[in-house]
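Below is one structure, written out as structure tokens, with a few remarks after it.
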Amino acid sequence: AQMVSFSQGEVLFMQGQASSSLYSLTEGTVKICTHTPNGRELIVGLSVPGTLLLGLQSLNDDRYAYTAIASTDVTACRINHRTLLDQVQQDGDIAMRLIRSVNAQLAHSRALMEVLEHKCAAAKIASFILLMTPKSDHGSCRFSLPLSRVELASLLGLSEETVCRQMASMKRSGVINAPRGKVEICDWNQLHAISEGCPGGHMPA
């Protein structure tokens, strides 16, 4: 294992590239992308510390099934997957840690699927903000949003215009403040109400 760092925008690995390593994030956010035959990039998920071992499927496939790009500055532990497999066979504790990592990723993926299942654009955006909120924050908090408005629109299946309009509406209502690249939650109750599609939340775009 080796500690490595990536600057925002750097590629950890590319879809189709021969694989040799897994990455466990200790800091930052990585966007998971696939590419269509015409080269269009589709954002299909995010990885944050404590969830996905990036590149895990390559233990079987020998090639990365997706592209991993640093959405923020990232620090990660790079692990040679052949060495990991050898250690799993010899050390039950490592096997359990691997299982916990898979379970954490499944939980994160389920949470993201719940965000995407919302029919209301405002509910999708509010739910995504809550999903990305640092777990230690309970009062007013401010944090960096790991995706641009364009990338957020791509992930949520919305237009960039809709994302900008809905976030502007939440800002005018005093629910959030959204300086460039950051989000500050000002009214937790209202944000939760919008995420749940409750009366009093923003209407669909």
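The values are calculated or read from the model by the stated rules, or taken from the named source; none is laboratory data. Just so we're clear, the structure is a prediction, and the values are computed from it rather than from any experiment. Quick reminder, even Gly has a Cβ in these numbers, built from the backbone with ideal geometry, and neighbours come from all protein chains shown. Each accessible area value is taken on the protein alone, full model and side chains, heavy atoms only, with ligands, DNA and RNA left out. Shrake-Rupley method; radii C 1.70, N 1.55, O 1.52, S 1.80 Å.
Regarding Ala76, is this residue crowded, with 21+ Cβ neighbours inside 10 Å and within 16 Å of Ala18 (Cβ to Cβ)?
When the stated conditions are applied, Ala76 does not pass them.
Take Leu59 and tell me if it is modelled with pLDDT of 75 or more and either within 22 Å of Leu147 (Cβ to Cβ) or of a type in the set (A, V, I, L, M, F, W, C) (or both). Break it down stepwise before answering.
Numbers: modelled with pLDDT of 75 or more: no; either within 22 Å of Leu147 (Cβ to Cβ) or of a type in the set (A, V, I, L, M, F, W, C) (or both): yes.
The answer is no for Leu59.
Can you run down the residue pairs with Cβ atoms below 7 Å, 6 or more apart or on separate chains, where the first is in the stretch 11-29 and under 21 Å from Leu98 (Cα atoms) and the partner is among the aliphatic types (A, V, I, L, M) and outside any strand (DSSP E or B)?
Leu22/Leu56; Leu22/Leu84; Leu25/Val48; Thr29/Val48
Only one of Leu54, Leu84, Leu46 is touching a Phe, Trp or Tyr at 6+ places or on another chain (Cβ under 6 Å), at pLDDT below 85 and crowded, with 17+ Cβ neighbours inside 10 Å; which?
Working: Leu84 fails: touching a Phe, Trp or Tyr at 6+ places or on another chain (Cβ under 6 Å); Leu46 fails: touching a Phe, Trp or Tyr at 6+ places or on another chain (Cβ under 6 Å).
Just a single option satisfies the conditions, and that option is Leu54.
With the requirement that a residue be open to solvent by less than 70 Å² (accessible area, probe 1.4 Å) and closer than 23 Å to Asn60 by Cβ, what does the stretch 1-13 give you?
Val11, Leu12, Phe13, listed by residue number.
Those residues that are out of contact with any helix residue (DSSP H, G or I) (no Cβ under 9 Å at 6 or more places or on another chain) and buried (at least 18 other Cβ atoms within 10 Å of the Cβ), I need them from the stretch 19-32; list them, please.
Listed by number, the residues that qualify are Tyr23, Leu25, Gly28, Val30, Ile32.
Scan (1) open to solvent by 30 Å² or more (accessible area, probe 1.4 Å); (2) modelled with pLDDT of 85 or more; (3) of a type in the set (A, V, I, L, M, F, W, C) for the single condition Ile129 breaks and write down its number.
Result: Ile129 passes all but (1).
Scan the stretch 58-67 and give yes if some residue there is touching a residue at least 40 places away in the same chain (Cβ under 8 Å), outside any strand (DSSP E or B) and touching a helix residue (DSSP H, G or I) at 6+ places or on another chain (Cβ under 8 Å), otherwise no.
Among the residues of the stretch 58-67, at least one is touching a residue at least 40 places away in the same chain (Cβ under 8 Å), outside any strand (DSSP E or B) and touching a helix residue (DSSP H, G or I) at 6+ places or on another chain (Cβ under 8 Å), which makes the answer yes.
For Gly16, work out the one condition from (1) surrounded by 14 or more Cβ atoms within 10 Å (Cβ to Cβ); (2) touching a Phe, Trp or Tyr at 6+ places or on another chain (Cβ under 9 Å); (3) not in a strand (DSSP E or B) it doesn't fulfil.
(1)
So in the stretch 167-180, with the set limited to residues that are assigned to a loop (DSSP other than H, G, I, E, B) and open to solvent by less than 40 Å² (accessible area, probe 1.4 Å), which one is farthest from Ser144 (Cα to Cα)?
Gly174
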